[in-house]
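Chemist: Take this structure first; my questions come after.
The values are calculated or read from the model by the stated rules, or taken from the named source; none is laboratory data. From a predicted model like this one, the values you see are computed outputs, not experimental measurements. Quick reminder, even Gly has a Cβ in these numbers, built from the backbone with ideal geometry, and neighbours come from all protein chains shown. All accessible areas refer to the heavy atoms of the entire protein, side chains included, with ligands and DNA or RNA removed. Shrake-Rupley method; radii C 1.70, N 1.55, O 1.52, S 1.80 Å.
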Amino acid sequence: MKIKLITSTILASLVFSSVAISAEPYRLHEGDMLQVSVWGEDTLNKEVRVLPDGSVSFPLAGRVEVANLSTPEVEKQITEKLKTYLPDPQVTVIVSNIEGNRAYVAGKVLKPGPLLLTGQITVLQAISIAGGLDRFADDDAIKIIRRKEGKQQVLSVNYDQLIKGESLESNILLMSGDTVVVP
């Protein structure tokens with residue numbers, strides 16, 4: 001019994017450590033809320049929203065570009081801007097709301113609309129969250145519209161094969177801003 005417990009503990013720690021190593025930091029999106037604080041400067045503790053242009057406005061630092069950055073990167077940018085006014089600013093940035101991390105499901109599903117990406121969600125999971133396909137949906141023509149580097153691209157989804165457990169590569173992991181179109 002003791003050996004099983006030790007083995008389970010070792011396996012669990014290996015799994016968790018490999019997940020922690022491979023995990024990408026969260027990247028900020030338009031609409032996310034940030035709690036920004038500067039140690040010892042109570043007047044510089046603010047909650048700010050990432051604006052549609054990808055920036056935030058912060059006292060003394062002014063406009064700071066934050067879209068697609070991690071919180072440590074934002075901390076560095078704000079710290080650099082505050083050095084003009086404070087000798088050694090200690091800035092902390094915490095994501096307080098991920099409202100900007102959304103994908104959309106449009107077309108012939110039972111509940112079309114925005115989908116908050118609170119974790120990794122595939123196209124099949126998104127369709128399920130949207131209530132599934134309605135009876136008039138063309139399941140052979142489902143697409144994902146994705147904006148990448150300023151350009152839109154269309155990704156095909158092989159729905160019939162996916163629900164049979166085949167063509168799993170078309171069960172695409174959704175990214176913020178993706179739109180699943182079900183004609």
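Chemist: Quick check: the angle from helix 2-22's long axis to the longest principal axis of the chain, C-alpha only, nearest 10 degrees?
Modeler: Value to nearest ten degrees: 80.
Chemist: Same structure, new question: Leaving out ligands and nucleic acids, note down the accessible area per residue over the chain with a 1.4 angstrom probe, in whole Å². Can you show the working numbers first?
Modeler: Details: 11480 Å² over 183 residues.
On a per-residue basis, 63 Å².
Chemist: Taking the chain, how many lysine pairs are there with alpha carbons less than 21 Å apart, if each pair must be eight or more places apart or span two chains?
Modeler: Summing the qualifying lysine pairs gives 8.
Chemist: Just how large is the dipole of the chain about the Cα centre, in debye to the nearest 20, putting +1 at every Lys and Arg Cβ and -1 at every Asp and Glu Cβ?
Modeler: Numbers: 19 positive and 22 negative charges, 57 e Å.
Once rounded to the nearest 20, the dipole reads 280 debye.
Chemist: Something else: Note down, for the stretch 49-153, the three equivalent ellipsoid semi-axes (square root of 5 times each alpha carbon gyration tensor eigenvalue), biggest first, whole angstrom. Walk me through the numbers before you get to the answer.
Modeler: On the way: eigenvalues 317, 35, 21 Å².
For the stretch 49-153, the semi-axes come out at 40, 13, 10 Å.
Chemist: May I ask for the percentage of alpha-carbon pairs in the chain that lie more than 20 Å from each other?
Modeler: Details: 10750 of 16653 pairs.
Roughly 65 percent, once rounded to a whole number.
Chemist: Over the stretch 37-183, with every protein chain in place, what whole percent of the accessible area is carbon and sulfur at 1.4 Å, could you tell me?
Modeler: Working: 4400 of 8640 Å².
Reported share for carbon and sulfur atoms: 51 percent.
Chemist: If we count GluC sites (Glu not before Pro) as exposed when they sit in a DSSP loop and have at most 11 other beta carbons within 10 Å, what is the longest stretch of the chain that avoids them all?
Modeler: On the way: sites that count: Glu149, Glu166.
It runs 1-148.
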